[in-house]
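A.B. asks: Supplied in structure tokens, the structure appears directly below.
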């Protein structure tokens, strides 16, 4: 196995959740060249992935893409996002082994398939790892352990802490007040009060960094103003020119708090402790879309499960969130636990 194509050409967050699978693939076959086929918006971020050797961009020109894939001489392809279009793009290349998840009727166009349906208690990123494990077993490779961080930027941590104005022994607590998509959004006032309570209850000296994207800057500015009035050390994150740089910079965070899964996944690449807010649904999105951080570095909260309550993020028990987050910070970053941080 010398050259593998991995197909995931949609959203940034969906590609981010595939980093653990790509990491496993690279660990199992260190000499293999891994190419990824991604959407244009993911380009710089995919190029930054340490487990990827080459990036193919979905330009929309299907004839040119099919020809490019054919010229690469892949030994195998793992199709994470299965579409009929993808089948047509891969067919001319005559790739010896193509693996797809059993998610739709397109699976029957392929000889090799494996179950990737949603299972209770299994996260999206873990399901992607299961597909890679199946691939490795089929080719008699040992299954490696999941190793964190998925992006080791420890050598640049001090640089990014300086960028975010860390002073002395301060802990940088990042918070993202943007919307949670289908989960709804945490009200800015509730979110701000939560950060104030965490600051009051922890024994640590905290500086809060408020991140945002696009129109979310209005929410970020409102949060900064609310916290500043209470004498909290806070600032709005300084913009960076690319997603990959922003994602890299999150290695500076000592905790990341958000109701939007995308930023949580980015922080999880560095195994940063995360506090996430998710919709209260029977499908358990807090498990399905959990951050990439290790179990003992991940806190998750939801409003009461129900059609009327599940998306009302104001119903989250923020008193509990503040207490447990402060306790986590004090325990995790106490002098006795400095080696763990």
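Throughout, read-outs are computed from the coordinates displayed, never taken from laboratory work. Keep in mind the model is a prediction, meaning the values are calculated, not measured. Cβ placement follows ideal geometry from the backbone for every residue including glycine, while neighbour counts extend to all protein chains displayed.
A.B. asks: Using the per-residue mean of other Cβ atoms lying within 10 Å as a proxy for protection, in what order, highest first, do the peptides 307-314, 272-279, 172-179 fall? Intermediate values should be presented prior to the final figure.
C.D. replies: Numbers: 307-314: 15.2, 272-279: 25.2, 172-179: 23.8.
Output ranking for 307-314, 272-279, 172-179: 272-279, 172-179, 307-314.
A.B. asks: Any idea what angle helix 124-138 forms with the longest principal axis of the chain, computed on alpha-carbon atoms, 0 to 90 degrees, nearest 10?
C.D. replies: Around 30 degrees separate the two axes.
A.B. asks: How far is helix 217-229 tilted off the main Cα axis of the chain, in degrees rounded to 10, range 0 to 90?
C.D. replies: 30
A.B. asks: Could you give the spread of the C-alpha atoms of the range 3-138 along their three principal axes, from largest to smallest, in whole angstroms?
C.D. replies: 41, 34, 28
A.B. asks: What 222 nm value per residue comes from the helices of the chain, counting each DSSP H run with n ≥ 4 as -39,500 (n - 2.57) and dividing by all residues, nearest 500 deg cm²/dmol? It would help to have the intermediate numbers written out before the result.
C.D. replies: Details: 13 runs with 122 residues, N = 341.
Roughly -10500 deg cm²/dmol at 222 nm, from the helical runs in the chain.
A.B. asks: With axes computed from alpha carbons, what is the tilt in degrees of helix 19-28 against the longest principal axis of the chain, rounded to the nearest 10 within 0 to 90?
C.D. replies: Result, in degrees: 50.
A.B. asks: Let me ask something else. When all alpha-carbon pairs of the range 101-211 are counted, what percent fall beyond 25 Å? Spell out each step's value before the answer.
C.D. replies: Values: 3346 of 6105 pairs.
Result: 55 percent of Cα pairs exceed 25 Å.
A.B. asks: Please compute, over every Cα-Cα pair in the chain, the percentage with a separation greater than 28 angstrom. Walk me through the numbers on the way to the answer.
C.D. replies: Values: 25843 of 57970 pairs.
For the chain, the fraction of Cα-Cα distances above 28 Å is 45 percent.
A.B. asks: Relative contact order for the chain using alpha-carbon pairs under 8 Å, separation at least 6, rounded to a whole percent?
C.D. replies: Working: 648 pairs, mean separation 51.6, N = 341.
The normalised contact order for the chain reaches 15 percent.
A.B. asks: Please work out the ratio of the alpha-carbon Rg of the range 157-340 to 2.2 N^0.38 Å and round it to two decimals.
C.D. replies: Working: Rg = 15.2 Å, N = 184, 2.2 N^0.38 = 16.0 Å.
Taking N as the residue count of the range 157-340, the ratio is 0.96.
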